[in-house]
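Presented below is the structure to which this report refers.
The values are calculated or read from the model by the stated rules, or taken from the named source; none is laboratory data. Nothing here was measured: the structure is a model prediction, and the numbers come from that model. Don't worry about glycine lacking a Cβ; one is built from the backbone with ideal geometry, like all the others, and counts go over all protein chains shown. Surface accessibility is based on the protein's heavy atoms, side chains included, excluding ligands, DNA and RNA. Shrake-Rupley method; radii C 1.70, N 1.55, O 1.52, S 1.80 Å.
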Amino acid sequence: MERRVAEQLRSALGPLGLEAHALKVGWYNAVLQPAFHLPYPDDTLAFVVLSTPSMFDKALKPFVSKERLKIIRDPVDQCVSHHLSRVKEKFPDQRVDIMFDYELLPSRKPKFLAQTAAHIAGAAYYYQRKDVKLDPWGKKKIFGVCIHPKYGGWFAIRALLVFPAIQVPFLEQPPPVDCVSSEEKRIELLEQFNFHWQDWHYRDIIEVKERYSEEQKTYFATPPAERFRLLGLSQEAQRITFH
């Protein structure tokens, strides 16, 4: 069952520049405090969904062109939501719960911890302070970051799909690829991500096979309120969204 679902997801999401990686809810819950647990049995099948560099051209620009008059909030979030809703329709006999990376619970906690989910599914390695033996940061707050073995930091974690009725007790957990294996590189990665993230350098901590285009970099480097103009969206859409 898991293979059939995975194949359907890959065929639907691949052409859009999106990836889906399988995991069991129990793997995720096992590494987190109870407050962050997902409310499903341990063997429940889920998929973490990533956007790759090609999503901008394959999914976002066509979506904006087609849905121009309906875009009233963040275009990327709305694009991903639209396509995952359509994917959900491919499973008419299954309940599919979708959680997006930007969604919060009433407690203000995120609905799921995206980087933890990506690591647990073997999609990308979540490098954290605890992965550095000789910690040079003292009392500074240091945030962790996921690195993809193919795209480095040039990707984003967008959503979690949960199939509550599908139990996969025999699913094997794939380890994430430890592509930043030296202490020196890990320190450099966390330094760049925490203190110089605007210059994009942390994303190239490894040699990547594909990165964001200059157009895409400009888009994501632009304040959200001004991104509408870059996509040719009307001032009316911008006014509705931000005022």
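Some notes on this structure:
- Note on the stretch 1-153: with neighbouring protein chains present and a 1.4 Å probe, carbon and sulfur make up 52 percent of its accessible heavy-atom surface.
- Accessible area per residue, Å², the chain with all protein chains present, probe 1.4 Å: 53 Å²
- For Ile166, distant residues with modelled amide H under 5 Å away: Leu45
- Solvent-accessible area of Asp43 with every protein chain in place, 1.4 Å probe, in Å² to the nearest 10: 50 Å²
- At an R0 of 25 angstrom, the distance between the Cβ atoms of Ser11 and Glu188 translates into a FRET efficiency of 0.05.
- Across Lys111/Lys133; Lys24/Lys109; Lys88/Lys150; Lys61/Lys217; Lys24/Lys139, pairs whose alpha-carbon gap is larger than 25 Å: Lys111/Lys133; Lys88/Lys150; Lys24/Lys139
- Remark: the stretch 107-123, residue by residue, has Karplus-estimated 3J(HN,Hα) of 6, 6, 7, x, 4, 8, 8, 4, 5, 4, 4, 5, 5, 4, 7, x, 7 Hz, where x stands for each Gly or Pro and the curve is 6.51 cos²θ - 1.76 cosθ + 1.60 at θ = phi - 60°.
- Positive-end residue of Pro224, Tyr212, Leu189, charge dipole of the stretch 187-231 with Cβ unit charges: Pro224
- Full extension of the chain segment joining Glu210 with Lys141 gains 21.8 nm, where the gain is 0.36 nm per residue of separation less the Cα-Cα distance.
- Shown in residue order for the stretch 67-74 are the 3J(HN,Hα) couplings computed by the Karplus curve 6.51 cos²θ - 1.76 cosθ + 1.60 at θ = phi - 60°: 9, 2, 7, 9, 7, 10, 9, 4 Hz (x for Gly and Pro).
- Separation between Cα centres of the stretch 62-111 and the stretch 166-203, rounded to whole Å: 25 Å
- Calculated from backbone phi, Karplus (6.51, -1.76, 1.60) coupling profile of the stretch 137-149 in Hz, x at Gly/Pro: 9, x, 8, 5, 7, 10, 8, x, 8, 8, 10, 8, x
- Straight-line cross-link reach from Lys140 at under 19 Å between alpha-carbon atoms covers these aspartates and glutamates, not counting any fewer than eight positions away in the same chain: Asp131, Glu183, Glu184, Glu188, Glu191.
- Cα shape, the stretch 68-107, gyration tensor, a/c 1.5 rule: oblate
- Loop-resident sites, the stretch 12-80, for trypsin sites (Lys or Arg not before Pro), counting at most 14 other Cβ within 10 Å (DSSP): Arg73
- Alpha-carbon spread of the stretch 60-217, three principal axes, descending order, Å: 51, 43, 36
- Short-range pairs are left out: with C-alpha atoms under 8 Å and at least six residues apart, the relative contact order of the chain is 23 percent.
- Cα gyration tensor, the stretch 153-217 - rounded (a/c under 1.5), prolate or oblate: prolate
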